[in-house]
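Each remark here refers to the structure printed beneath this line.
The values are calculated or read from the model by the stated rules, or taken from the named source; none is laboratory data. Just so you know, these numbers come straight off a predicted model, no measurement behind them. All Cβ positions, glycine included, derive from the backbone under ideal geometry; neighbour counts span all protein chains shown. Only protein heavy atoms, including side chains, enter the accessible area calculation; ligands, DNA and RNA are left aside. Shrake-Rupley method; radii C 1.70, N 1.55, O 1.52, S 1.80 Å.
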Amino acid sequence: MSTVATPASGRKPEVQKEDAMWLQKELINRNYAELARARAENRKVSATFVPGNLNELLMCFDFARSLPETNALQNGMRKKSGKFIMDAEREGQSEDVCTYVKADLGMMQGGEVGPTGEPLPRPDVLLLSYTGCFTFMKWFELIRHKYGCETVMLHVPYQGEGRIAPNMRDYVVRQLKESVIPTLERISGVKFDIDRLREYMKESAKAEEDLVAVLQSAKNRPSPIDGYFGAVYYIGPIFTAFRGTPEATQYYRQLRGEIEERVRLGKGPVTPDGEMGEERYRLIVEGPPNWTSFRDFWKMFYDEGAVVVSSTYAKVGGLYDFGFRHDPDHPLESLAEYCLGCYTNLNLPSRVDMICRYIEEYQADGLLINSIKSCNSFSAGQLLILREVEKRTGKPAAFIETDLVDPRYFSAANVKNRLESYFQMVRQKRGAAVGAH
Amino acid sequence: MQQIVGRCQALFEDLDFGAVKAWKAAEPGRKAIGYMPVYVPRELVHAAGMLPVGILGGGDQLEVIQGDAYYQSYICRIPRSTIELGLTGRLDCLDGMLFPSICDVIRNLSGMWQLMFKDKYVRYFDVPQNYQDEVGGRFYVEELEVLRRDLGELRGAPIGDDELNASIAVYNENRRAIRELYAYRAARPWQAPTSEVYLVLRAGMVLPPEEHTRLVRDYLAATDAVSRPMRDNARIVINGSFCEQPPLSLIKSIELSGCYIVDDDFMLVTRWLLDDVPEDGKPLEELSRAFLHRSASTAAKYDARREDKGQFLLRQVKGAAAEGVVFAAPSFCDPALLERPMLQDVLAKHGVPYTAFKYAENTGQMAPIREQSGTFADSIKLWSAA
Ligand code: SF4
Ligand code: SF4
């Protein structure tokens with residue numbers, strides 16, 4: 001899973017955006033440019049995953065920072081992933097496995113040209129933060145196997161009991177001290193300075209505060225944002241190479257200002273086709289979006305006046321809305337807690353609790369699950385989530401199936417049909433509720 | 001011999017776990033703890049006086065009806081048939097379930113179990129992917145400690161070190177017997193066909209380990225006493241079947257197609273620790289050291305160095321004098337399928353031939369698999385004759 005969307009290059013000019021969205025695009029593109037220049041500037045390059053992304057730590061060693069999931073989704077949005085996936089399958093990858101992995105491997109095979117058309121350097125180090133999904137481990141093993149990149153493992157235990165036990169946190173901290181930090185020092189040639197880390201973490205916490213305010217603005221009626229399709233833009237900088245930078249802090253401050261203004265004016269979200277019309281449905285969405293048909297997918301919602309008021313996907317790279325902030329006073333412990341708390345590192349009962357809480361707090365009409373065919377981490381168990389949530393909240397839930405970046409698995413007609421019958425179900429439920437009063 | 005294999009076959013087919021029920025009924029207060037395949041420290045369960053029971057899905061005997069409503073079509077079979085076993089009351093004889101750290105499906109299944117079977121003890125059993133004693137080891141000992149405490153509470157008395165050491169000895173003996181069985185099969189595969197060896201191993205999922213050790217040795221003695229015809233088969237290692245098990249007919253088909261299976265990764269829990277665990281030390285630390293430094297490699301484990309990838313499989317190939325590898329993985333199994341290209345690459349570099357296919361625990365159509373492994377066996381024989 002992952003985050004960070006920028007609109008496809010060369011996209012139609014009429015697409016509407018808030019100012020902060022342009023700033024976001026600029027940030028993301030700037031990171032690609034930095035990566036493209038890294039070799040010429042003699043900079044070392046790291047790659048790591050979005051959940052459990054230790055950006056503050058990587059910055060302490062001056063690494064240029066690449067995120068393969070983000071590359072995959074960017075390539076998906078730019079319609080390049082289909083070919084990469086097939087290339088990887090021709091090289092022996094199974095059709096059954098995560099398409100992010102194949103999109104990434106295919107891109108490397110194809111000469112390592114990044115989504116923006118600039119070259120993406122081969123990483124000097126793969127920081128294998130084993131959070132969120134098992135596939136991460138195999139993914140970086142595959143890259144290491146093929147390209148010989150040095151890999152350092154950060155094993156993050158799963159919250160099987162629905163909480164972070166001290167032993168889990170200590171284990172992550174020990175790995176940071178004994179293995180991750182010394183490896184990063186050696187590869188970068190930069191000595192670790194914990195005060196530098198603290199400074200970055202202070203910045204992170206500021207941005208996190210503003211991000212939470214933005215996401216929670218959806219509690220208003222109408223919601224000024226879309227907490228799924230819109231949120232993928234909002235979470236871009238903070239879940240990737242920018243958390244901890246002053247640019248990210250500034251971005252979130254500006255974004256928050258814009259959104260607060262929208263609340264004041266009673267406005268709904270901005271969509272690629274402009275301001276959304278009347279808010280007719282408020283939904284919670286579980287599961288990542290489809291990237292290859294992202295705009296068509298979103299359109300199916302806003303055309304009907306459906307706004308996603310909150311989504312679990314907007315929490316994949318860190319769950320801030322229940323209070324977690326990076327803590328400069330306890331830097332390593334706080335990094336450990338951050339990794340342990342990512343959404344897909346939560347067990348199923350915690351995921352159900354979270355969704356029920358969202359339905360209540362955001363006064364949503366129901367839950368929609370977008371089940372991703374090649375992502376077991378999200379998908380295995382979602383049918384039970386659906387039932388549990390329906391049972392506990394009495395709100396209707398529905399299920400659609402797509403893929404992340406494999407265009408072969410997006411059937412617009414099927415998705416649209418499902419959505420239409422879901423909206424009908426919501427209306428019926430409402431009617432019934434009114435009748436009961 | 002027929003009698004032993006027949007008994008194992010009956011245990012294998014009994015999806016109602018009659019053997020577990022009988023064991024529990026023999027003494028009041030006995031408890032049984034289920035676990036999914038791959039690795040869990042069964043020593044702890046045994047030390048608590050409980051029966052560890054391996055749950056390996058429903059095979060091709062179980063019709064999955066309710067379980068299908070819990071899983072989309074693009075998820076492997078084993079969690080759905082395991083849920084089916086649970087929902088149809090077949091696992092009521094278990095007092096708890098352990099879900100080992102294998103993959104995202106099992107992770108989530110542990111949470112589903114918590115939601116669906118609220119009155120049962122459920123634990124996701126995490127294992128370290130960092131193999132330093134002071135880092136992963138400390139985490140692991142602590143995890144073992146939690147399990148030991150939980151099981152102690154479940155039985156109403158804490159588990160002592162001496163009890164644990166005694167259980168370590170029991171499992172050492174069981175692993176020794178299984179090593180003998182594997183060594184025997186590698187040396188004389190016509191005498192110990194894998195379709196039988198597999199059933200003998202499976203019996204260990206429901207029998208107490210002491211009894212299973214005897215059974216393995218009885219089988220060895222019995223099969224050695226009858227001489228069976230030796231064929232000109234290709235010697236192969238099976239890889240990728242460490243979780244969802246292939247149907248027995250698939251194993252038979254591979255053998256019938258002209259292959260001797262001389263090593264495999266079926267029911268890896270029985271062979272996970274590669275040698276004896278000291279029986280007189282601090283038990284949890286000894287178990288931890290064995291896990292970190294002397295355990296089998298599967299796709300569920302991180303290889304700390306690139307050079308390590310595939311070495312375990314290569315050693316299996318060399319150790320059993322195999323001529324090729326058959327990759328047989330469950331459909332939709334991320335760990336096995338993502339691992340496979342790396343293993344294939346290592347094999348190719350070492351000139352070891354291989355072939356690959358997927359199966360499901362309920363695959364019924366064996367003709368294509370038989371044909372593929374037959375062609376593979378023929379090509380091996382052709383090359384070795386050349
Ligand atoms: S399996 Fe899912 S969570 Fe894991 S990398 Fe792929 S998309 Fe992300
Ligand atoms: S068969 Fe593979 S994907 Fe399925 S539960 Fe087992 S290890 Fe996981």
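Output yes when any residue across segment B:31-42 is away from ligand 1 (no atom under 16 Å from the Cβ) and open to solvent by 60 Å² or more (accessible area, probe 1.4 Å), and no when none is.
Checked segment B:31-42: no residue is away from ligand 1 (no atom under 16 Å from the Cβ) and open to solvent by 60 Å² or more (accessible area, probe 1.4 Å).
Among the listed residues B:LEU347, B:LEU343, B:LEU382, B:LEU337, which satisfies the condition of being modelled with pLDDT under 95 and either charged (D, E, K, R) or outside any loop (DSSP other than H, G, I, E, B) (or both)?
Details: B:LEU347 fails: modelled with pLDDT under 95; B:LEU343 fails: modelled with pLDDT under 95; B:LEU337 fails: modelled with pLDDT under 95.
Every option except B:LEU382 fails the conditions.
Could you please tell me which pairs satisfy a Cβ distance under 6 Å, a separation of 6+ or placement on different chains, a first residue in segment B:162-176 that is open to solvent by less than 10 Å² (accessible area, probe 1.4 Å), and a second residue that is charged (D, E, K, R) and not in a helix (DSSP H, G or I)?
Here the result reads B:ILE168/B:GLU279; B:ASN172/B:ASP276, each pair linking segment B:162-176 to a residue that is charged (D, E, K, R) and not in a helix (DSSP H, G or I).
In the set A:ALA72, A:ALA47, which member is touching a Leu at 6+ places or on another chain (Cβ under 8 Å) and under 22 Å from A:VAL180 (Cβ atoms)?
Unique residue meeting the criteria: A:ALA47.
Would a scan of segment B:137-156 turn up a residue that is in contact with a strand residue (DSSP E or B) (Cβ under 9 Å, 6 or more places away or on another chain), touching a residue at least 24 places away in the same chain (Cβ under 8 Å), within 16 Å of ligand 2 (Cβ to nearest atom) and not polar (S, T, N, Q)?
Taking every residue of segment B:137-156 in turn, none turns out to be in contact with a strand residue (DSSP E or B) (Cβ under 9 Å, 6 or more places away or on another chain), touching a residue at least 24 places away in the same chain (Cβ under 8 Å), within 16 Å of ligand 2 (Cβ to nearest atom) and not polar (S, T, N, Q).
Away from every other protein chain (no Cβ under 11 Å) and without any contact (Cβ under 8 Å) to a residue 12 or more places away in the chain: does that describe B:ALA367?
On the way: away from every other protein chain (no Cβ under 11 Å): yes; without any contact (Cβ under 8 Å) to a residue 12 or more places away in the chain: yes.
So B:ALA367 fits the description; yes.
Among what's in segment B:87-103 and is more than 16 Å from ligand 1 (Cβ to nearest atom) and under 30 Å from A:TYR130 (Cα atoms), pick the residue that is surrounded by the most Cβ atoms within 10 Å (Cβ to Cβ). Spell out the reasoning first.
First, pick out the residues of segment B:87-103 that are more than 16 Å from ligand 1 (Cβ to nearest atom): B:87-100.
Subsequent filtering for residues that are under 30 Å from A:TYR130 (Cα atoms) retains B:96-100.
Working: B:GLY96: 21, B:MET97: 24, B:LEU98: 25, B:PHE99: 29, B:PRO100: 23.
Step by step, filter segment B:87-103, then rank; the result is B:PHE99.
Looking only at segment A:28-86, which residues are closer than 20 Å to A:GLY148 by Cβ, more than 16 Å from ligand 1 (Cβ to nearest atom) and either in a helix (DSSP H, G or I) or aliphatic (A, V, I, L, M) (or both)?
A:LEU35, A:ALA38, A:VAL45, A:ALA64
Show me the helices (runs of 4 or more DSSP H) found entirely inside segment A:116-212 where at least 2 residues are within 19 Å of A:VAL101 (Cα to Cα). Walk me through how you get there before you give the answer.
Details: elements: A:135-147, A:166-175, A:181-188.
Answer list for segment A:116-212: A:135-147.
With respect to B:LEU62, determine if the residue is more than 14 Å from chain A (Cβ to nearest Cβ) and in a loop (DSSP other than H, G, I, E, B). Please lay out each step first, then the result.
On the way: more than 14 Å from chain A (Cβ to nearest Cβ): yes; in a loop (DSSP other than H, G, I, E, B): yes.
So B:LEU62 fits the description; yes.
If you check A:PHE134 against the conditions, is it touching a Pro at 6+ places or on another chain (Cβ under 9 Å), among the aromatic types (Phe, Trp, Tyr) and either under 27 Å from A:SER179 (Cα atoms) or free of Cβ contacts under 8 Å to residues at least 12 places away in the same chain (or both)? It would help to see each step written out before you state the result.
Working: touching a Pro at 6+ places or on another chain (Cβ under 9 Å): yes; among the aromatic types (Phe, Trp, Tyr): yes; either under 27 Å from A:SER179 (Cα atoms) or free of Cβ contacts under 8 Å to residues at least 12 places away in the same chain (or both): yes.
Yes.
From the set of residues in segment A:369-409 that are aromatic (Phe, Trp, Tyr) and either within 13 Å of ligand 1 (Cβ to nearest atom) or open to solvent by 30 Å² or more (accessible area, probe 1.4 Å) (or both), which is farthest from A:MET86 (Cα to Cα)? Give the derivation first.
Of the residues in segment A:369-409, the ones aromatic (Phe, Trp, Tyr) are A:378, A:399, A:409.
The next check asks that each one be either within 13 Å of ligand 1 (Cβ to nearest atom) or open to solvent by 30 Å² or more (accessible area, probe 1.4 Å) (or both); those that pass are A:378, A:409.
Numbers: A:PHE378: 23, A:TYR409: 13 Å.
Among those residues, the one meeting the criterion is A:PHE378.
Which residues, taken from segment A:220-279, are of a type in the set (A, V, I, L, M, F, W, C) and assigned to a helix (DSSP H, G or I)? Full working, then the answer.
Going residue by residue through segment A:220-279, those that are of a type in the set (A, V, I, L, M, F, W, C) are A:225, A:229, A:231-232, A:235, A:238-239, A:241-242, A:248, A:255, A:259, A:263, A:265, A:270, A:276.
Residues satisfying the conditions are A:ALA231, A:VAL232, A:ILE235, A:ILE238, A:PHE239, A:ALA248, A:LEU255, A:ILE259, A:VAL263, A:LEU265.
Could you check segment B:110-134 and list, in sequence order, the residues that are part of a helix (DSSP H, G or I) and of a type in the set (S, T, N, Q)? If you could, list the steps in order and put the result at the bottom.
Of segment B:110-134, the ones part of a helix (DSSP H, G or I) are B:110-116, B:133-134.
Hits for segment B:110-134 are B:SER110, B:GLN114.
Does any residue of segment B:368-378 turn out to be over 27 Å from B:LEU56 (Cα atoms), in contact with a His (Cβ under 9 Å, 6 or more places away or on another chain) and surrounded by fewer than 20 Cβ atoms within 10 Å (Cβ to Cβ)?
No, there is no match, as no residue in segment B:368-378 is over 27 Å from B:LEU56 (Cα atoms), in contact with a His (Cβ under 9 Å, 6 or more places away or on another chain) and surrounded by fewer than 20 Cβ atoms within 10 Å (Cβ to Cβ).
Of the conditions (1) modelled with pLDDT of 95 or more; (2) charged (D, E, K, R); (3) open to solvent by less than 10 Å² (accessible area, probe 1.4 Å), A:GLU69 clears all except one; give me its number.
The failed condition is (1).
Which residues, counting only those in segment B:358-367, are part of a helix (DSSP H, G or I) and buried (at least 17 other Cβ atoms within 10 Å of the Cβ)?
Keep residues of segment B:358-367 that are part of a helix (DSSP H, G or I), which gives B:367.
Correct list: empty.
Checking B:LEU147 against (1) open to solvent by less than 30 Å² (accessible area, probe 1.4 Å); (2) assigned to a loop (DSSP other than H, G, I, E, B), which test does it fail?
Checking B:LEU147 against (1) open to solvent by less than 30 Å² (accessible area, probe 1.4 Å); (2) assigned to a loop (DSSP other than H, G, I, E, B), the one that fails is (2).
Go over the candidates A:THR131, A:THR135 one by one and state the one that is among the hydroxyl-bearing types (Ser, Thr, Tyr) and more than 8 Å from chain B (Cβ to nearest Cβ). If you could, list the steps in order and put the result at the bottom.
Numbers: A:THR135 fails: more than 8 Å from chain B (Cβ to nearest Cβ).
One residue alone meets the criteria, A:THR131.
Please go through segment B:107-124 and give me each residue that is surrounded by fewer than 24 Cβ atoms within 10 Å (Cβ to Cβ) and touching a Pro at 6+ places or on another chain (Cβ under 7 Å), ordered by number.
Once the filter is applied, which keeps residues that are surrounded by fewer than 24 Cβ atoms within 10 Å (Cβ to Cβ) and touching a Pro at 6+ places or on another chain (Cβ under 7 Å), segment B:107-124 yields B:GLN114, B:LEU115.
In segment A:171-222, which residues are open to solvent by less than 10 Å² (accessible area, probe 1.4 Å), in contact with a Lys or Arg (Cβ under 7 Å, 6 or more places away or on another chain) and among the aliphatic types (A, V, I, L, M)?
Across segment A:171-222, the qualifying residues are A:ALA207, A:VAL214.
State which residue is nearest to B:GLY58 (Cα to Cα) when the search covers only segment B:220-266 and only residues that are open to solvent by 50 Å² or more (accessible area, probe 1.4 Å) and of a type in the set (A, V, I, L, M).
Going through the qualifying residues, I end up with B:LEU256.
Taking segment B:107-152 as the search range and keeping residues that are within 22 Å of the chain's Cα centre (by Cα) and among the aliphatic types (A, V, I, L, M), which one is nearest to the other protein chains (Cβ to nearest Cβ)?
Once the filter is applied, the top-ranked residue is B:LEU109.
On the phi > 0 side of the Ramachandran plot and buried (at least 23 other Cβ atoms within 10 Å of the Cβ): which single residue out of A:GLY287, A:GLY266, A:GLY274 fits that description?
On the way: A:GLY266 fails: buried (at least 23 other Cβ atoms within 10 Å of the Cβ); A:GLY274 fails: buried (at least 23 other Cβ atoms within 10 Å of the Cβ).
Answer to the selection: A:GLY287.
For A:ARG351, state whether it is surrounded by fewer than 16 Cβ atoms within 10 Å (Cβ to Cβ), within 14 Å of another protein chain (Cβ to nearest Cβ) and closer than 30 Å to B:LEU337 by Cβ.
For A:ARG351, the condition - surrounded by fewer than 16 Cβ atoms within 10 Å (Cβ to Cβ), within 14 Å of another protein chain (Cβ to nearest Cβ) and closer than 30 Å to B:LEU337 by Cβ - is not met.
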